[in-house]
1. Among the lysines in the chain, how many pairs, 8 or more places apart or on different chains, have alpha carbons under 29 Å apart?
2. I need the phi-derived Karplus couplings for segment 58-69: 6.51 cos²θ - 1.76 cosθ + 1.60, θ = phi - 60°, integer Hz, Gly and Pro marked x.
3. Counting pairwise Cα distances across the chain, what percent come out greater than 19 angstrom?
4. Taking the Cα-to-Cβ direction at Ser104 and at Ile3 and moving 7 Å from each Cα, how far apart do the two end points lie in nm?
5. Compute the acute angle (0 to 90°) between the alpha-carbon long axis of helix 5-47 and the principal axis of greatest extent of the alpha-carbon atoms of the chain; round to the nearest 10°.
Amino acid sequence: MEIPENIQNQLNQFQQLQQQAQAVTMQVQNVEIQIQETEKALEELKKTDDSTEVFKQAGTLLIKVEYADALSEMEDKLETLQLRKQTMTRQEERVMKKLEEMQSTIQNAMQGMGQ
């Protein structure tokens, strides 16, 4: 029995949504890794005192920066990453919910065809 065009279209949309969900999940994981790295760097920076020479990477160079500037920059970066993770996690949840809804709709349509 041939699958009707409308159900085939739903299956195609479902596959695209699956790919989108996978991409968002990978982005969330990447941001989590960046958060961990930033937290570790911030932790190490806080172990030192403000007279310690601090360098930051700019491409292939290391540039000397003020301790307070480096500390502030790392804290800002961590905050930005955490906000990005929250946003992406909400997006991931929305995509997963839509996937579940589409899967249910497709299953009902397929059952309605007698398959």
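Only the coordinates and a few stated rules stand behind these numbers; no lab work does. As the structure is a prediction and not an experimental result, all values here were calculated from the model. Cβ: placed from backbone, ideal geometry, glycine included. Neighbour counts: every protein chain shown.
1. 19
2. Couplings: 10, x, 9, 9, 10, 10, 6, 10, 5, 4, 4, 5 Hz.
3. Pairs farther apart than 19 Å: 63 percent.
4. 2.1 nm
5. Taking Cα atoms only, the helix is inclined about 20 degrees.
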